[in-house]
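The values are calculated or read from the model by the stated rules, or taken from the named source; none is laboratory data. Just so it is clear, the model here is predicted, and its values are computed rather than measured. As a convention, Cβ positions derive from the backbone with ideal geometry for all residues, glycine included, and neighbour counts pool all protein chains shown.
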Amino acid sequence: MARQRLIAISLALVIVAFVAGTAFGAVFFKASVSHTSSRLTLYELAFTQQGACSPAVYAAPWGVVLNGNSAVIEPAGQIIPTSGYVAQPSFKNYSVIEFAVTQGTYEYSIEPSGMAQSGGNVTMSNSDMTVIVAGPTISCTTTINVTRSATIEP
């Protein structure tokens, strides 16, 4: 019984010492641990290719390179040609390229070379943004069909 009492007293002293030491440290050393949680807000940065000619034609495949290292190509899975591109009205489905970005300034380049616009900078500030990209550099030809009717009299 004396042994159990000795263990209980020893345990009580350890607990008192721990509580006193923690209180002493907090008061005299002003130690604190803080946890800051930052929420990352993403914004949509869209590049919309403006069609050239009438009816409008759009280049494909085409791409946007953001800050020299992040690229999106439309149509997905295609490879940007080193020169030239095809332009058709049906490529309108591929005329928008989107990124999810935080606030900041981004440098972009438009591929392939030969597009009417080669690149620039855009600053994102608490809202989504759309950059209008000049359509493909092509020569537009308009064909007009003229029908003439003539009456021939004997």
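What the table below lists for this structure:
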read-out: Of residues in the range 74-101 being over 25 Å from residue 140 (Cβ atoms) and touching a strand residue (DSSP E or B) at 6+ places or on another chain (Cβ under 7 Å), the one surrounded by the fewest Cβ atoms within 10 Å (Cβ to Cβ); value: 100
read-out: Those strands (runs of 3 or more DSSP E) lying entirely in the range 54-134 with at least 2 residues hydrophobic (A, V, I, L, M, F, W, C) and at pLDDT below 90; value: 58-60, 70-74, 86-88
read-out: Members of the range 69-93 found to be among the hydrophobic types (A, V, I, L, M, F, W, C) and either over 20 Å from residue 50 (Cβ atoms) or in contact with a Lys or Arg (Cβ under 9 Å, 6 or more places away or on another chain) (or both), listed by number; value: 71, 76, 79
read-out: Top-ranked residue in the range 42-53 [being in a strand (DSSP E or B) and hydrophobic (A, V, I, L, M, F, W, C); ranked as farthest from residue 134 (Cα to Cα)]; value: 45
